[in-house]
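Where a number appears in this text, it was derived from the coordinates with a stated rule and is not lab data. Keep in mind that what you see is a predicted model, and the values were worked out from it rather than measured. Cβ: placed from backbone, ideal geometry, glycine included. Neighbour counts: every protein chain shown.
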Amino acid sequence: MMKASIDLRQKGPRISRHLYGHFSEHLGRCIYNGGYWVGEDSPVPNVRGIRTDIVEAMKAIRVPNIRWPGGCFADDYHWMDGIGPREERTPIINVHWGGGLENNHFGTHEFMDLCGQIGCEPYICGNVGSGTVREMRDWVEYLTDDGNSPMAQLRRKNGQDKAWGIEMFGVGNENWGCGGFMTAQQYAQEFRKYATYVRNYKDMGKINWWEAPGIMKIAGGSNAEHTEWTETLMRSVPLRLMGGLSVHCYVKPGDESNGVDFSDDSWYQTAANTYDKEPLFLRNMEIMDTYDPEKHVAMAVDEWGIWVDNEPGTAPGYLYQQNTMRSALCAALMLHIFQKYADRIRIANLAQTINVLQAILLTEGGKLIKTPTYHVFDLLQAHQDADFVPVSWKQSPETLRHNLPHVDLSASVKEDCLTVSLVNLSAERDAGVDLTLLSASPVSASGRLISGRPTAHNTFENPHQVETAPLRGITLQDGLVHVSLPPCAIASIAVKLA
């Protein structure tokens, strides 16, 4: 039995809703061939060519932002190929992912329409690797200028009168590799140049335009292990130019990387490997704190997730992978880590939304299924824009395999509602948690959960094997909240406070 306490007088940082963002690259079947874009004449229900069922599913979990168009694809994407009449758009070979021909029917207008339908913020990643400063500058003008500039006139010619406006703009992606094989110092110099011209055109009348509230310019960092990129960028780039620094993080499940066929030990190994990422984030944050003690620069973990084997019989470059309770475990633990450091980690994007890597949605023709990872984002959505509250706990000395704790918890409060999310890391045993609330009294408590064997997953033949259900094992007694969890369970409880 775990004994845990929560003192609501110890409120931590605000958990930005943008920690629950998603990443959608032109990769495999994320955009075309069953992804967002089906076209206006498709028999699949759509609004202006964008799949209705995908939009509704993403609205239901309050997706706060989508990062697009890549990924590696971003540094090979020329945005003007994707505007204007669709039949006149220049196709592109997707050299990074499968070598297929894309018709560019899903471009800037379609992406901004998608974000509008979902009600989320666009996070656009610009082309540093094969693009020019002028090209990136013009894209920002096209997106943000409500005046009479050349790009504003071109946008109006293409059917969009008012500028959309953007809050986040990535200046390149993984420029240490697919984005140009640059050194950290080389990219730092490129970032300084490119970021200078990523201007919010609504602020053009202000003298010191770089000091005005506007677009967050996110520098392309490296994987969490490679802290030299973080060190070089923080040392070499003026803080006024850089609103965020990207850090990527993928979790491998160990030796058993098959998507659906693995032993319980892989469940535990995945949990251990996810926890191992926390000290890497801390190492990067310590470097950032040295140069930016006031935490002006956000860490943006804008690619993260579990990486398992592609499903047999699918195109190797499409990264179509199945999603199990093991995937959901990784997602829940990683989101808990992000929330713990929400004062610095303020953006995160799961890779990738539809039919790619740790997707929240899988499609087949007109069918759509929600993966276990989707349900994690559903269960934890109440943490968005709530105040983090640390949880103190003491559990039995007995740990699980790989020295794992039995239960992992994260808590937040918004107004008179306390949200606590819990993960039972045991694949074999129930877990009990007694929650004591300090400086507050619980009035009522309810919860939901997902559970099942580690290999449990949804298919088009059985789409409801893993789905949310009411949490029955929750009681209130003498100011104590008691929660009982089945094995291999992820839950969220809402406690109404007096």
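A few remarks follow.
- Dipole moment magnitude, nearest 20 debye, the chain about Cα centre, only Lys, Arg, Asp, Glu C-beta charged: 1060 debye
- Charged-residue dipole, Cβ positions (Lys, Arg, Asp, Glu), segment 1-53 about Cα centre, Debye nearest 20: 520 debye
- Across the options W304, P486, S5, the greatest Cα extent toward the positive end of the charge dipole of the chain (unit charges at beta carbon of Lys, Arg, Asp, Glu) belongs to S5.
- Pairs of C-alpha atoms in segment 228-385 farther apart than 26 Å represent 33 percent of all such pairs.
- By DSSP, the beta bridges lying fully in the chain are antiparallel in about 60 percent of cases.
- Coil-residue GluC sites (Glu not before Pro) of segment 39-142, DSSP, other Cβ within 10 Å capped at 13: E40
- Divide the volume of the convex hull around the Cα atoms of segment 342-409 by the residue count and you get 158 Å³ per residue.
- Residue ranges 447-459, 329-341 sort as 329-341, 447-459 when ordered by packing (mean number of other C-beta atoms within 10 Å per residue, highest first).
- If you take the alpha carbon atoms of the chain and fit the smallest convex hull around them, that volume is 146 Å³ per residue.
- Ignoring aspartates and glutamates fewer than eight residues from K367 along the same chain, the ones with Cα atoms less than 14 angstrom from its Cα are D53, E56, E461.
- Applying 1/(1 + (r/R0)^6) with R0 = 22 Å to the Cβ-Cβ distance of T475 and K59 gives a FRET efficiency near 0.10.
- Around H18: net Lys/Arg minus Asp/Glu count, Cβ-Cβ under 12 Å: +1
- Ordering of 93-100, 47-54 by burial proxy (mean other Cβ atoms within 10 Å per residue, highest first): 47-54, 93-100
- Above-threshold pairs, the threshold being 23 Å between Cα atoms, out of K59/K414; K11/K252; K340/K394; K217/K370; K3/K496: K11/K252; K217/K370
- For segment 189-201, Karplus couplings with θ = phi - 60° (6.51, -1.76, 1.60), whole Hz, Gly/Pro x: 5, 5, 4, 4, 6, 5, 5, 4, 9, 8, 10, 7, 5
- Segments 471-479, 243-251, 183-191 sorted - mean Cβ within 10 Å per residue, highest first: 243-251, 183-191, 471-479
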